[in-house]
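Let me begin by presenting the structure, written as structure tokens, before commenting on it.
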Amino acid sequence: MGDAAALKAEGNKLFLQKDYPAAIQKYTAAINADGQNAVLYANRAACYLSLKEYLNAVGDANQASFLSATKIDPNYAKAYARLGTAHDMLSEHWLSVNDWQKALDTLPPGDDKTREQYAAGLRAAQLALEKLENAASDRAIVMNSGTTTLPWLAARMLLPGLVTRRETRSSAWVVHEAYQSFMEGVNGMNSTKSSGPMLMGRLGLLERITDGILQDNRVFHLTDNNFISNYNRQVQLEATQSQAWPESGPIQIKKDALQRLQEHGWESVRSALSVTIRCWIMRGYIDGNLRGQHQAEVEFLSRGLDILEWGRERWADVPRSDRGSIFEITFIRGVRNMHLHAMMEAHSTNHLQDLEDLLRRAEDQIREIDENPLPTDTEAAPGWTLAFGDYCKGHAYAMKGFYYNQRGNQEKAAQKNNPEAGHEPYRQAAVAYLSAAECFPQDDETHAWFLSCALQAMWSFRAPIRDQLPPMQKLRESQPLMLKIWKYSQMSQGGRDILIDNTLRRQDTYKAALANGKATLDDQPPLA
């Protein structure tokens, strides 16, 4: 105990110096010496909060409150306050409201200043929860799966012809397979029922839902108004059955997983890790796409990748049948792809994400895919091969395009009197977007979209007509193919067709000017 006290004192000193990583090391050593000391967990939670590692903070604050559960003291109240802060940062305000109330309930009388701080935290969490619920209702879209023009149904109608022609490079395969997986999970979870305190239903449905979203997240939709409540019930069932760690952080999970593996073997650990990671994927996706909380989405996916990359390296020689599918490189690619998009959205929303980190991660994804191409002579479904090969690579190239486009905007804003400002980054953005477009089949709306993004970048640096015409022609050729599957999609509702039509009208203008001798291929038209 004396060692723990000394280590705690050293950790406190480092915390005051704002050396949070070093303080964590001291508190961790102290926990190893005295694992029943709630204060050590609460203090380490404070370090994680300062480092914005909110899931680790939640794990430690939960542990601190558990150890102090039989006490009424300031440390117990402090643990709940830190838990409330972490849940607020993860946009889990339905949890933080309860945390702040417990912090108030367990705070001894006499500390009026702290009581007012906790009361302010409670009021802020209640207000944030109200805003979150309103935002979710505004964003939620219930789609009628019986509409024949929805992409997955349009794709199914095209499959017989693709089979006849032995054509595997089509987005119809990708969206069809993703939809089949997603709906198998959704339909199954709708059958999960409560019987008193017990839940009864199928296991493995979170796997089907997340596999579908990772293959093509465009298949995600709210099948009815009970989707979220049914999903939460399924999570409760599978997390309880597997003894998963959805509310813990990576540090605690790694420790617990290794201990459980040693004591009970892979049968106990495999499903627990899978459910945990899949819960985080879904929490992140729902936060980002239904609630607009992209920073929380980044956090959940970051922690998921932490566990996935750690486990893949640690258990590199363990067969898939033991460690599970989540440590396969294709699964990790899918999570990385979702993480890149979350980082991009978070930067677009609040500029909190580091653009250099986005670029580095995109380049790492491209490099890994090039170094480890998926075999083409296997029985793997064609949509699966496309989704976790070319599609992941294409989205990574698009992130590079986004990066260079942002850099061009920044350079242009900083050098307003320089007509050439931003031209080089915009040129690099165009190259990246063109590379992205080539990774997708012609009949995928994403192919057309990234061609349009490339042309937008070209207009920003006034590319000559000769460079613009080839991608314009590709866009024109892809449009009718794309509309067979993607006529009605979220992207179409977001202005996709207006952008494409404007671009094709510009192509017509160029061709007319060239035919009339009013322009040459070397002309650099101004941005309209």
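The values are calculated or read from the model by the stated rules, or taken from the named source; none is laboratory data. Worth saying up front: this structure is predicted, and the values here are computed from it rather than measured. Positions of Cβ are backbone-derived with ideal geometry, glycine not excepted, and every protein chain shown enters the neighbour counts. The accessibility values were calculated without ligands, DNA or RNA, using every heavy atom of the protein model including side chains. Shrake-Rupley method; radii C 1.70, N 1.55, O 1.52, S 1.80 Å.
Things to note:
- Sequence-distant contacts, meaning Cα pairs under 8 Å at least 6 residues apart, place the relative contact order of the chain at 10 percent.
- Relative to the dominant Cα principal axis of the chain, helix 2-16 is inclined by about 40°.
- Value in Å of the Kirkwood radius, where the range 413-528 supplies the Cα pairs that are averaged: 14.9 Å
- With each label modelled as a point 7 angstrom along the Cα→C-beta vector, the LEU16-ASP357 pair spans 3.0 nm.
- Proximal charge balance of LEU434 [Cβ under 12 Å; K/R count +1, D/E count -1]: +1
- Theoretical FRET efficiency, 1/(1+(r/R0)^6), r = Cβ-Cβ of THR164 and GLU371, R0 41 Å, to 0.05: 0.70
- On Cα atoms only, tilt of 93-106 relative to the major axis of the chain in degrees: 20 degrees
- For the peptides 44-52, 361-369, 444-452, residues were scored by their other Cβ atoms within 10 Å and the scores averaged per peptide; the highest-first order is 444-452, 44-52, 361-369.
- Net charge, ALA33 excluded, C-beta distance under 12 Å - Lys, Arg +1, Asp, Glu -1: 0
- Shown is the FRET efficiency for GLU438 and LEU521, computed with R0 = 30 Å from the Cβ-Cβ distance and rounded to the nearest 0.05: 0.85.
- Given their separation in residues at 0.36 nm each and the Cα-Cα distance between them, LYS113 and LYS193 gain 24.2 nm when the chain is fully extended.
- Charge tally for TRP100 (other residues, Cβ to Cβ under 13 Å; Lys, Arg +1; Asp, Glu -1): 0.
- Distance from the range 362-396 to the range 277-321 (C-alpha centre basis), Å: 19 Å
- Globularity index of the range 1-66 is 0.98 (Cα radius of gyration / 2.2 N^0.38 Å, N = number of residues).
- For the chain, the longest principal axis of the alpha carbon atoms and the long axis of helix 74-89 meet at an angle near 10°.
- The chain - percent of accessible surface contributed by carbon and sulfur, probe 1.4 Å: 50 percent
- Charge dipole (the chain, unit charges on Cβ, about Cα centre) - positive-most of LEU359, PHE450, ILE228: PHE450
- Rounded to the nearest 0.05, the FRET efficiency derived from the C-beta distance between ALA6 and ASN98 at R0 = 41 Å is 0.70.
- Relative to one another, the C-alpha centroids of the range 482-528 and the range 199-266 are positioned 45 Å apart.
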